Structures are given as C-alpha cells and as structure tokens.
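Structure, as structure tokens:
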C-alpha cells in the first residue's frame, strides 16, 4: 500500500483505540494490508508452535520411560571435556544476532539506503543459513548416536520424535525465511524497489515496507526458537 | 434501532488509502481458470464443495441402505465404516467449511464492505487451488488399495492406524491426513485474506458496526478457524509421523493379533484433546456464518431491521470466544476427572445464553414484520426451528450425567445432524436462493424451489426426529447391524426402514435443486438489479452480476447501516446503504 492520508488529530490511548475500532475504512490506521496479513498469519502460526510444544510437554509428562538428560545428550566433547549445551548456545547466539542485523536492515530500508539494506539482509540470510547448517550438524550427530524418531538409546522414545518434529518444523521456517530474505534482498540490490509499479512482494517505488514485513516473520521465528530452547533444551 | 441514529450532519471521512484496482487478466486462462476475482473464486469453491458434497450424499444413502434394510443390502462392516467416515469428513470440512468461508466469504465480503476485491487476489486464487488439491487427494483415497480410511470422522488413534481399521495400514489414512493438511494450508491463505479485507479494506463510511451480520459471522468464523485449525494441523502431522515413521505420540503399548507392536508410551487422549480443540470451534465455524446470513435473510424478507443489531454482533463474538473453552464436552466418556467434566459442562451451557439472545432477536425481527414467504425466508424460518430443536438436545448432551448413557448412541447422531448438519444446510440453500440472482442475474425457479424446500424440511424431520428415539431406546452408533440384542427392548427395524426411505427422498430433492440451479442459469426469470429490494451494499453494484472490480470508477460511500427497511417517510421501503437520504422533517 502506498502512502496514505491520516487525520492528524487522532487521540492517544484508550480514546484512540475506541476511535480506530469504530471508524470506517481501516481498523489499524497505520498498518498496510501486507503488514496486517503477516501479523494475523503469525498469530495463527503461534498457535501451531504452541500446540506443538504443548503436545511435546504432555508426551514428556505422561510417557512411561524416563526422559533423557538433555544436558548430557546435547553436550559437545571439546578439548577433553563435555560442554553441555555448547552447540545450542552458539546456535541461539547466531540466530539472535541475525535478528539484530534484520532490525538494522529495516532501519536502512526506511532510510532508502538500497545497498546497505540489501547487504544487511544478505548477512541475515547468511546467519540464518549458518543456524540451519548447525542444526544439520546437530541432527547428524544425534542420528549417529542412534537417536531415531521411533526410539533412542537414552530413554523415552518420544524424545527423538518430539526433537525431530519440533526442531524440523522450526528449521523449515528458518529455511523459508532465508529463501525469502535472499529473494527480497536481490530485488532491492537490483534496484527493483526504487522503480514504480507493483510487482511480486513490492508495492510501489521507494516503498521498502516488504523489508519490515520480512523482519516481522524473522523476529517471530527467532522468538519461537527462544521458547523451543527453553522448553526443550533447558527443561 | 434507537441506538443506531442517523447522523445526517456527520460527514463521511475522506479516503485514507488510494483506490487500488485489481489487475485485469489478459488471457483466457487468467480470466476463466486461474481467475483472481474473488467472485469467480467463490463460485469455483462452491462448485467444488457441492460436487464433493454429492459424493457424501451418495455415501449417506449407502449408510441408510445398510441401516434400514440390513437383510437386503449387506455391506461389509469395513465398507460401512468407510461410508460413515468419508460422509462425515466431507460434509463437515470439505462441504460446509469450504462453502461458507471459501464460497460465501469470497463472494460477499468484498461486495458487502465495498471493496473491489480481496486484498491479495493472487493468494486468494492459490487458496482455491490448494483446496482443490486437498479434495483430489481425498477422492484419490477411494481408489487406492484398501480404500479410504474407516476410522470414523474423528480419526481416533490408536485404531485409526492399526490393521483392523480399513485403510489403517493401507494408504487410506495417509491420504486423509495429507488432504486435511493441504486443506488447512489452503484455508489459511484464504482466511488471512478475508480477515484483512474486513479489517483494512472497507469503503468510506463503512464502520465495523455498519457491516451486515453476514460479514460479522464469516469474519468471526474465519478468525476462529485461523486459531482452531492449527490444532488439527499439529494432530495430523503427529499422527502421520506415528503412521509413517513409527513414532509414538498417540500410540500406547499395545498388542495386535497376539503380537506386541513397536509403539509405546504415547497417549491417545492427547489426540482427542487436539482434535476437539479444533472440532468444537469447527461447529461454530460452520454455525456463525449461518447465524449471520440468516439474520440478513430474515431482515430483508420481513422488511424490518434486525432487532438488537449490536447484541447480535456481540453474541457472535462471545459465542466465538466461548467455543474455545468447551471442547472436552466431546470427551466425557474418555475417563476425565469429574471436576473437568463439571467445568466443561458449565461453559457449554453458558454458550446457550448468547445463542438464545440470537434466537430471540430473530423472532423479534419477525414480530410484526411484513413477512414475505419467499424461498430464502422459508429456508431461514426452517433454520430457526431446526436450530432450536437441535440446540435443545444439546442441553441434554452438555450435561455429564445425561451424556454418559446417551453417548455413542444414535441420539448423538440425530443431535449433531440437526444442529450442524441440517440447520446450516438450510441456510446454505436459503442463501443460494437469495444470492443466485446476484451471481447470475436470474431468479431460481419458484416451483422447483417450493418442492425442494418442503421435501427437504419435512423430510429431514422425518429422518432425524425418529432417530432421537432410536438412540433413546439404546441403539448404538457406528454399528452396521445390531441384530437383536437383549438391551434393546423395543424393536426399531420399522423405524430404521422409514428413516432410510425418507433419506432417499430428501436426497433426490437435492438433485432437483441442482437441476434448478443449472436450468435457471439459462432459463430463469430476469432478476433485475435488486430483486429483493435489499439495502445492503452488494445489491447496489452498477452491473448485475457485478463485474471484475465490483464498482464503477468511484467506490461507494456508505451513509447508514444495512437494515434501513420500512423507514417512515422514506420514498421506498428500504434505503440502500450508499443512499445519502436524510429525513427532512421530523416524523410526527
């Protein structure tokens, strides 16, 4: 959506809220169609991840065998010592850093800094790909140790099932995000966002809002990881 | 209606966003196959839903052949389970949900809120094609070895994926789960469109509280669906893993044919919770659009404003919210703690309050109205009656102690067919009779419509009223043939045969209805622009049927709500929403 006119005398706080909801045309006055759609999609996706995590928690609480000790299972053997959660700590650090570069890309986008925006988005995509790469390493290591969806040597068989399902679903989200980061960054790099006309993923000349919408998705995937980290690895 | 005053002095706010014209297709395929016009997508959705619904209708005939005449038509138990499973799943998901949201939602939302199209037409188009793919995967399960799944429409594990159930160890259950996952993905794409269009793409003057109740019902149902379908999505993914990868999310340790399976430690009850966390909101995902549409039909055809419009809106929203905390009333016999049962019985009965508000308001809308017994009105009235009848048995089943003996009897089958089978279908019929002139420019044939209505209305009662009794005397559901057990003291063979014959006649009437649609599209009486003289915006388009883009060069400006019927002093007995008419002198 292009720039829009707005009454400037909108009251703040609860009065403004009531005014917006009882107004015509748009309920969220400063929100474009695309951004509204992304927010509502993320709300729906929140339910998907919440239910995945609740399903995992109920399985963990009701299973008859003992749950594996996660700090042992997820430890890395580095320099003669087992360091619990080392890989996960690095992965989390990488993903949260990528949220930082994404936020900077959004800021540069609003400043219409074409190359800086595209560059930061490429960097975000690189960090995201690094995260997925480390996840592949983690999966490989666990599979070599005998963890399977239907069983594992450490304890309850729901451990492997939940692990592969939830981290796989999250990793898919990250991968899709990386893909779209690269697509949008490339379009920006080529200057497509500065030319007039609506095309796929872009509304109008100089409108870099797609960067922010991409950012919403990316921060959401990051936030979901924090919950997976807390409930799966730390519990 | 005193609380919705005219505000003639109030200026309509200026346009906040530029008028976006949807891109016009240049190719034949872009116009007629991969159309991005919400109206065309709506018709694609409806046609697909009705086509797959016909399959479900035939399946119900096969079920009734078995139940009514077990000596003559003896299907195998496996085939019977496949019939009831596919009948239920198709009717609930692929017909009712798809036609209300994908069909009526797509057609009516942009027209009723004064938009040119959905906000993202391309995503909207994808939604239909993913839905079609889901339907094709579903249909494919009829042709794979072992046939479709026979797990019951609730797909309860562990039996759903074991070899004793038809399709359990064959491809049937896999295709069912894949089809549901596809349906949810497709629905999400459409649903996001509907919600954003209602929230962010209304025309000037169209406030939320001026929207027709149809839009409110579809909007609330869509929001609910976006929050409830995730539970089904996750349940399907987990069960698919149980079946394909050998995980044990829902599978306890069990012995099959004297052999211990490799499953262990999972909980089938978790699936039931996930399924019904979707399944109960699903009831209202189907019911709320019906509530909204029926309010509009009653108002238009009784020439009277909806009684208590604001209460009607809030009742829709409250029912939508409450329906997320009642799901476990489907699980009273799963061995849940009595206090949980108490909680869920309480919330279930609380839903009766906003629902009763709606029923009273429909009656008060009719009260002293100028009732035209047109076909849409007949169907709307039959909905109110049927919904009340079905709802009353819901009060029985919502209470734990009454539900326990009635659970898994034909009483339950009769209850949910009345309340979420027949009642919403009546609204769909009424809505098609009402909006067919808008979609095609021609009226449906009245004589065929009258036959269709009376056979359907009386016939469904002939089917489902005796079925309550069959259930009360103790006939369990899901049995192809019960023989002559000692616990059933009253023989019901005659009743079962009667129900079956009624079911065949009602089914045949639906064929007449489809013939009427096809016949009237070419030969129907010319409808003109606004045959029902309705005030809401969809009838005020420059052309009937509306062209791509819906409106002429300028978007309509809305000055009033959708229910200005029989206003004293007005030149006609309705005032269109985009009519700036103002009462010049105060009525004495």
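The values are calculated or read from the model by the stated rules, or taken from the named source; none is laboratory data. As the structure is a computational prediction, the values presented were derived from the model and not from experiment. Here the Cβ is made from the backbone with ideal geometry for all residues, glycine too, and neighbour counts use every protein chain on show.
Does at least one position in segment A:39-54 carry a residue that is in contact (Cβ under 8 Å) with a residue 24 or more places away in the chain and more than 30 Å from residue B:120 (Cα to Cα)?
Yes, segment A:39-54 contains at least one residue that is in contact (Cβ under 8 Å) with a residue 24 or more places away in the chain and more than 30 Å from residue B:120 (Cα to Cα).
Take residues that are under 30 Å from residue B:236 (Cβ atoms) and within 14 Å of chain B (Cβ to nearest Cβ) and tell me which of the helices (runs of 4 or more DSSP H) falling wholly in segment A:1-104 contain 3 or more.
Helices (runs of 4 or more DSSP H) meeting the threshold: A:33-62.
Conditions tested, residue by residue: (1) assigned to a helix (DSSP H, G or I); (2) crowded, with 24+ Cβ neighbours inside 10 Å; (3) free of Cβ contacts under 8 Å to residues at least 12 places away in the same chain; (4) more than 9 Å from chain A (Cβ to nearest Cβ).
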{"site": "B:222", "(1), (2), (3), (4)": "yes, yes, no, yes"}
{"site": "B:226", "(1), (2), (3), (4)": "yes, no, no, no"}
{"site": "B:237", "(1), (2), (3), (4)": "yes, no, no, no"}
{"site": "B:266", "(1), (2), (3), (4)": "no, yes, no, no"}
{"site": "B:273", "(1), (2), (3), (4)": "yes, no, no, no"}
{"site": "B:287", "(1), (2), (3), (4)": "yes, yes, no, yes"}
{"site": "B:310", "(1), (2), (3), (4)": "yes, no, no, yes"}
{"site": "B:313", "(1), (2), (3), (4)": "yes, no, no, yes"}
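Taking the criterion of being touching a residue at least 60 places away in the same chain (Cβ under 8 Å), in a loop (DSSP other than H, G, I, E, B) and touching a strand residue (DSSP E or B) at 6+ places or on another chain (Cβ under 9 Å), would at least one residue in segment B:509-522 satisfy it?
no
Residue B:538 is checked against (1) surrounded by fewer than 22 Cβ atoms within 10 Å (Cβ to Cβ); (2) within 30 Å of residue B:26 (Cα to Cα) and fails just one. What number does that condition carry?
That leaves (1) as the condition not met.
Residue check: is residue B:42 surrounded by 15 or more Cβ atoms within 10 Å (Cβ to Cβ), closer than 30 Å to residue B:513 by Cα and touching a residue at least 12 places away in the same chain (Cβ under 8 Å)? Quick ask: steps written out before the conclusion?
Numbers: surrounded by 15 or more Cβ atoms within 10 Å (Cβ to Cβ): yes; closer than 30 Å to residue B:513 by Cα: yes; touching a residue at least 12 places away in the same chain (Cβ under 8 Å): yes.
Criteria met by residue B:42.
Specify the residue that is nearest to residue A:114 (Cα to Cα); the eligible residues are those in segment A:148-159 that are surrounded by 17 or more Cβ atoms within 10 Å (Cβ to Cβ) and touching a helix residue (DSSP H, G or I) at 6+ places or on another chain (Cβ under 6 Å).
It comes out as A:149.
(1) surrounded by fewer than 16 Cβ atoms within 10 Å (Cβ to Cβ); (2) touching a residue at least 60 places away in the same chain (Cβ under 8 Å): which one isn't true of residue A:109, the others all being true?
Every listed condition holds for residue A:109 apart from (1).
If you go through segment B:195-212, how many residues are within 8 Å of chain A (Cβ to nearest Cβ) and assigned to a loop (DSSP other than H, G, I, E, B)?
6
Restricting the search to segment B:243-253, which residues are outside any loop (DSSP other than H, G, I, E, B) and in contact with a helix residue (DSSP H, G or I) (Cβ under 6 Å, 6 or more places away or on another chain)?
Going through segment B:243-253, the residues outside any loop (DSSP other than H, G, I, E, B) turn out to be B:243-244.
Result: B:243, single match.
Looking at the structure I just gave you, is residue B:192 surrounded by 24 or more Cβ atoms within 10 Å (Cβ to Cβ), closer than 22 Å to residue B:90 by Cβ, facing chain A (nearest Cβ under 8 Å) and in contact (Cβ under 8 Å) with a residue 12 or more places away in the chain?
On the way: surrounded by 24 or more Cβ atoms within 10 Å (Cβ to Cβ): yes; closer than 22 Å to residue B:90 by Cβ: no; facing chain A (nearest Cβ under 8 Å): yes; in contact (Cβ under 8 Å) with a residue 12 or more places away in the chain: yes.
Against the criterion (surrounded by 24 or more Cβ atoms within 10 Å (Cβ to Cβ), closer than 22 Å to residue B:90 by Cβ, facing chain A (nearest Cβ under 8 Å) and in contact (Cβ under 8 Å) with a residue 12 or more places away in the chain), residue B:192 does not qualify.
Filter segment A:47-66 for residues that are in contact with a helix residue (DSSP H, G or I) (Cβ under 8 Å, 6 or more places away or on another chain) and either under 25 Å from residue B:18 (Cβ atoms) or buried (at least 16 other Cβ atoms within 10 Å of the Cβ) (or both) and give the result.
Those that are in contact with a helix residue (DSSP H, G or I) (Cβ under 8 Å, 6 or more places away or on another chain) and either under 25 Å from residue B:18 (Cβ atoms) or buried (at least 16 other Cβ atoms within 10 Å of the Cβ) (or both): A:47, A:48, A:49, A:51, A:52, A:53, A:55, A:56, A:58, A:59, A:60, A:63.
Of the numbered conditions (1) more than 14 Å from chain A (Cβ to nearest Cβ); (2) part of a loop (DSSP other than H, G, I, E, B); (3) within 27 Å of residue B:433 (Cα to Cα); (4) at pLDDT 90 or above, residue B:561 fails exactly one; give the number of that condition.
In the conditions (1) more than 14 Å from chain A (Cβ to nearest Cβ); (2) part of a loop (DSSP other than H, G, I, E, B); (3) within 27 Å of residue B:433 (Cα to Cα); (4) at pLDDT 90 or above, residue B:561 misses (1) alone.
If you go through segment A:160-179 one residue at a time, do you hit one that is more than 26 Å from residue A:47 (Cβ to Cβ), within 14 Å of another protein chain (Cβ to nearest Cβ) and surrounded by 16 or more Cβ atoms within 10 Å (Cβ to Cβ)? Before you say what the answer is, go through the steps one by one.
Taking segment A:160-179 first, the residues more than 26 Å from residue A:47 (Cβ to Cβ) are none.
Within segment A:160-179, none of the residues are more than 26 Å from residue A:47 (Cβ to Cβ), within 14 Å of another protein chain (Cβ to nearest Cβ) and surrounded by 16 or more Cβ atoms within 10 Å (Cβ to Cβ).
Do we have any residue at all in segment B:369-389 that's more than 18 Å from residue B:299 (Cα to Cα), out of contact with any helix residue (DSSP H, G or I) (no Cβ under 8 Å at 6 or more places or on another chain) and assigned to a helix (DSSP H, G or I)?
No, because not a single residue in segment B:369-389 is more than 18 Å from residue B:299 (Cα to Cα), out of contact with any helix residue (DSSP H, G or I) (no Cβ under 8 Å at 6 or more places or on another chain) and assigned to a helix (DSSP H, G or I).
Looking at (1) over 20 Å from the mean Cα position of the chain (by Cα); (2) part of a helix (DSSP H, G or I); (3) within 29 Å of residue B:168 (Cβ to Cβ), which one does residue B:89 not meet, given that it meets all the others?
(1)
Touching a helix residue (DSSP H, G or I) at 6+ places or on another chain (Cβ under 6 Å) and closer than 25 Å to residue A:67 by Cβ: which single residue out of A:162, A:175 fits that description?
A:162
Answer yes if at least one residue in segment B:148-158 is within 14 Å of chain A (Cβ to nearest Cβ) and in contact with a helix residue (DSSP H, G or I) (Cβ under 7 Å, 6 or more places away or on another chain), and no otherwise. Walk me through it before giving the result.
Taking segment B:148-158 and keeping what is within 14 Å of chain A (Cβ to nearest Cβ), we get B:157.
Add one more test, that the residue is in contact with a helix residue (DSSP H, G or I) (Cβ under 7 Å, 6 or more places away or on another chain), and what stays is B:157.
Yes: one or more hits.
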